[in-house]
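Right, one structure below, let's go through it.
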Amino acid sequence: MGDILLQMRGITKRFPGVTALSDVNFSVRRGEIHCLVGENGAGKSTLMKVLSGVHPYGSYEGEILYQGQVARFHNIAQSEAAGIAIIYQELAQFPELTIYENIFMGHELMNGRTIDWNRTIASAKEVLARVRLNENPAAKIKDLGVGKRQLIEIAKALAKNVKLLILDEPTAALNEDDSQNLLSLLRELKEQGVTCIMISHKLKEIVAIADTITVLRDGMTVCSMDARNGQVTEPQIIKYMVGREIEDIYPKRAKQPAGEVCLEIRNWTVVEPSTGREILHDVNLKVRRGEIVGLAGLMGAGRTELALSLFGNTPGYKVVSGELWVKGKRVELKSPRACIDAGLAYVTEDRKRNGLILIQDIRFNTTIAALDKLTRGVVVDGNEEIRVANQYKEAINIKAPSIQQLVSNLSGGNQQKTSLAKWMFADPEILILDEPTRGIDVGAKYEIYTLMNRMVEKGMSIIMISSELLEILGMSDRLYVMSEGSMTGELPASQATEQNVMALATKTREVTA
């Protein structure tokens, strides 16, 4: 594993108004798992886009040496022909097509001028076996879970005889079991001679799997660490990433006695209108003023479905029985607008698809949920809108040149902060956060946790949904656990341990005090 497969020397990449990469040096040994880490906006994805030809030769400064030769990729097709494949966090798949069609899309196996479907299906079975996925190649992508779809993307890369596999946040949307399965697969591919570059914010996984760890900060290389001897620790990585030590990733706050019940659901049962399938069954939950209530459970437990049904998403979820009480009054909230008027807000788990308007700027996204606050007659006060947007940009440290920056051009962490700013301006009394730190770095996580503490100290109540068990244990005053659409238990902070949460999530044994 001593010889160098890839060297990137003095890479500088500029966009209008910003230098994304500045004289970056990056070296990868053949047959290793090399983890690339850094805060959101550090330049990790940009560096990989330079390597793969998304940012073509000529649009950056510096040089790339691949397998000992100067590489000048003008597009993705050229890098793929050289054996480089990149898998993004947002999977590029065709949901209505089959597994085998997706695997060989763009590099079809031909018999003369027609596609050889028999050979395609047989070859798909072979690469599916290599990624340990026992699925019918004729199954449609839309019928598969995220974990299986991730494996199919790797199978697609293997079908192209990949030599260097780049994975951008491969476990961000996976549950614990799927994440461990993916990491195990990467180790097997390493033994088969495939070199991997993995971008990830999950430091526990990085420490467990990396041979080498390179840290970027503010578009520059900070260091590369040999992790094969097992001496690299999470605190070390954090210090290099953020430029300072973060002693406690979950910031403490002064514990105040919880106030009155501000939200309660009783015997909440929800079905899917198109099929009549029961999604939630007889769910009960209470939230008190000034507390963070965690909502834990495995993927598919019904946590997001509960949040959406509370927030008036009636087209996808039909409440067939149960009561919703807000501030001591029974209410029926038929739409998101009615929920906002009642003091509820919901930060979606999918900020790009459902939380933000990506083609608009920070100013627009910050104020859109509460424009009535800025309206003078029938006209929005533009000067006041600018003042408000700048106020929130500074208050929660959205890193961007100005509020005119398009949200699509922000890093994941700054997109998430913009989504939070939108609802902070709406000034809700009850805030539902669905996977609030998914796909963002440890520094941005810490800032969001601090922001949550500040909101709660001012009297807001938060329901926090998270698939990261340590996160939900570290931030919650009290938590509920769901399994298969039902509430299986409530735990005070004193009993909220990993073992007790998993016992309730899997319904395998009794909770221990």
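From the phi of every residue in segment 142-156, what ³J(HN,Hα) in whole Hz does the Karplus formula 6.51 cos²θ - 1.76 cosθ + 1.60 yield, where θ is phi - 60° and glycine or proline is x?
Karplus values, whole Hz, x for Gly and Pro: 4, 8, 10, x, 4, x, 5, 5, 5, 5, 5, 5, 5, 4, 4.
Within 10 Å of each candidate Cβ there may be at most 16 other Cβ atoms; applying that plus a DSSP loop requirement, which GluC sites (Glu not before Pro) in segment 162-247 survive?
Loop-located and lightly packed - E245, E247.
For labels at T233 and Q7 in the simple 7 Å Cα→Cβ model, what's the distance in nm?
3.4
Using the C-alpha gyration tensor of segment 223-295, what are the square roots of 5 times its eigenvalues, in whole angstrom, with the largest one first? Intermediate results must be reported in sequence, preceding the final value.
Working: eigenvalues 368, 112, 16 Å².
That gives 43, 24, 9 Å for the three semi-axes.
Under 14 Å from a label point 7 Å along Cα→Cβ of V70: give me every residue in segment 38-57 with its amide N that close.
57
What ranking do 370-381, 7-18, 411-422, 151-162 get when scored by the average of other Cβ atoms within 10 Å per residue, highest first? Mind dumping the intermediate values first?
Details: 370-381: 12.0, 7-18: 15.1, 411-422: 24.8, 151-162: 21.6.
Answer by packing, highest mean first, reads 411-422, 151-162, 7-18, 370-381.
Would you please calculate the Kirkwood hydrodynamic radius of segment 66-160 over all C-alpha pairs and express it in Å, rounded to one decimal? If you can, show how the numbers build up before the last one.
Values: mean 1/r = 0.0705 Å⁻¹.
For segment 66-160, the Kirkwood estimate is 14.2 Å.
What accessible area per residue comes out for segment 182-264, rounded to a whole number of Å², with a 1.4 Å probe? Display every interim value, and only then the final one.
Values: 4090 Å² over 83 residues.
The answer is 49 Å² per residue.
For the chain, give the percent of accessible area contributed by carbon and sulfur heavy atoms, probe 1.4 Å, rounded to a whole number. Each step should come with its number before you reach the end.
Values: 11080 of 22990 Å².
That share works out to 48 percent.
Which three semi-axes in whole Å describe the equivalent ellipsoid of segment 155-266, each the square root of 5 times a Cα gyration tensor eigenvalue, listed largest first?
Numbers: eigenvalues 234, 98, 31 Å².
The three semi-axes for segment 155-266 are 34, 22, 12 Å.
Taking 0.36 nm per residue of separation and subtracting the Cα-Cα distance, what length does fully extending D226 through K125 add?
32.7 nm
So what is the accessible area of segment 373-461 per residue, in Å², with the probe set to 1.4 Å? Don't jump to the answer; show the numbers that get you there.
On the way: 3380 Å² over 89 residues.
Dividing the accessible area of segment 373-461 by its residue count gives 38 Å².
Would you give the gap between the C-alpha center of segment 173-223 and the C-alpha center of segment 48-117, rounded to a whole Å?
Centre-to-centre distance over Cα atoms comes out at 21 Å.
For the chain, what Kirkwood radius comes out of the mean inverse Cα-Cα distance, in Å? Please list the in-between numbers first.
Working: mean 1/r = 0.0405 Å⁻¹.
Taking the inverse mean of 1/r over all distinct Cα pairs, the chain comes out at 24.7 Å.
Can you work out D for segment 375-513 in µm² s⁻¹ from Stokes-Einstein, where Rh is the Kirkwood radius over C-alpha pairs, the temperature is 37 °C and the viscosity is 0.692 mPa s? Before the final figure, lay out the partial values.
Values: Rh = 17.2 Å.
Translational diffusion coefficient: 191 µm²/s.
The values are calculated or read from the model by the stated rules, or taken from the named source; none is laboratory data. Since this is a predicted model, take the numbers as computed values, not measurements. Heads up, the Cβs are rebuilt from the backbone with ideal geometry, glycines too, and the neighbour counts pull from every protein chain shown. With ligands, DNA and RNA removed, areas are computed over all heavy atoms of the protein, side chains included. Shrake-Rupley method; radii C 1.70, N 1.55, O 1.52, S 1.80 Å.
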